[in-house]
Amino acid sequence: MNKPLVNEFDNIVNDILINNKFKELDNELHHGISRYGHSLRVAKGTYKITKRLNLNYKSATRAALLHDFYLNDELETKNSFTALFDHPTKACENASKYYNLTSLESNIIESHMFPFGYKKPKYKESWIVTLVDKSVALYEMYRFKLSLKLGIYLIFMFNMITVQR
């Protein structure tokens with residue numbers, strides 16, 4: 001992003017990024033990186049698209065940053081499949097504790113897992129965050145998680161070959 005856009009983005013999200021509870025997401029693994037890094041990627045992508053489309057980019061960007069605002073310990077289930085459905089509600093609860101969310105922001109957070117979640121996106125901004133989140137997740141899983149697994153596999157294979165000699 002160019003300098004004026006970076007400053008505007010930072011101004012929109014700064015109060016979230018300095019929140020101690022939000023900073024804890026940096027310790028939560030998500031798609032091969034931290035949930036903090038993932039959320040930041042989704043927020044930046046959302047900011048660029050919604051600003052270009054003249055939508056409510058401020059609320060969309062803030063909600064995109066808060067869309068995964070939960071710690072793994074806070075979910076009642078440790079099953080990753082049910083977490084797909086449950087984490088948007090927990091993220092919205094956490095965001096509501098620290099920020100006065102608009103109905104747009106709440107819908108973005110609660111519906112970002114559509115069609116896997118319980119809520120359907122109501123607004124254009126909600127649909128954009130849903131799509132950006134899916135795109136970013138696919139990129140991260142390919143770029144970080146898959147390459148990590150491939151690296152471990154290659155090290156294992158190398159060790160198997162050298163042990164047999």
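The values are calculated or read from the model by the stated rules, or taken from the named source; none is laboratory data. Because the structure is a prediction, the values reported are computed rather than measured. Every residue, glycine among them, receives a Cβ derived from its backbone with ideal geometry; neighbour counts consider all protein chains shown. All accessible areas refer to the heavy atoms of the entire protein, side chains included, with ligands and DNA or RNA removed. Shrake-Rupley method; radii C 1.70, N 1.55, O 1.52, S 1.80 Å.
Points to keep in mind about this one:
- Summed over the residues of the range 33-75 and divided among them, the accessible surface reaches 39 Å² per residue at a probe radius of 1.4 Å.
- Relative contact order (%) - the range 106-146, alpha-carbon pairs under 8 angstrom, separation at least six: 33
- Using R0 = 22 Å, the C-beta based FRET efficiency linking Glu24 and Leu53 works out to 0.10.
- FRET efficiency for Thr89 and Trp127, using Cβ-Cβ distance with R0 set to 25 Å, rounded to 0.05: 0.85
- Positive end of the dipole of the range 100-141 (Cβ unit charges, origin at the Cα centre): among Tyr118, Asn100, Val129, the Cα lying farthest that way belongs to Tyr118.
- Once the 1.4 Å probe is applied to the protein heavy atoms, the range 96-146 comes out at 61 Å² accessible per residue.
- In this simple spin-label approximation, Lys97 and Asn14 carry label points 7 Å from Cα along the Cα→Cβ vector, and these lie 2.5 nm apart.
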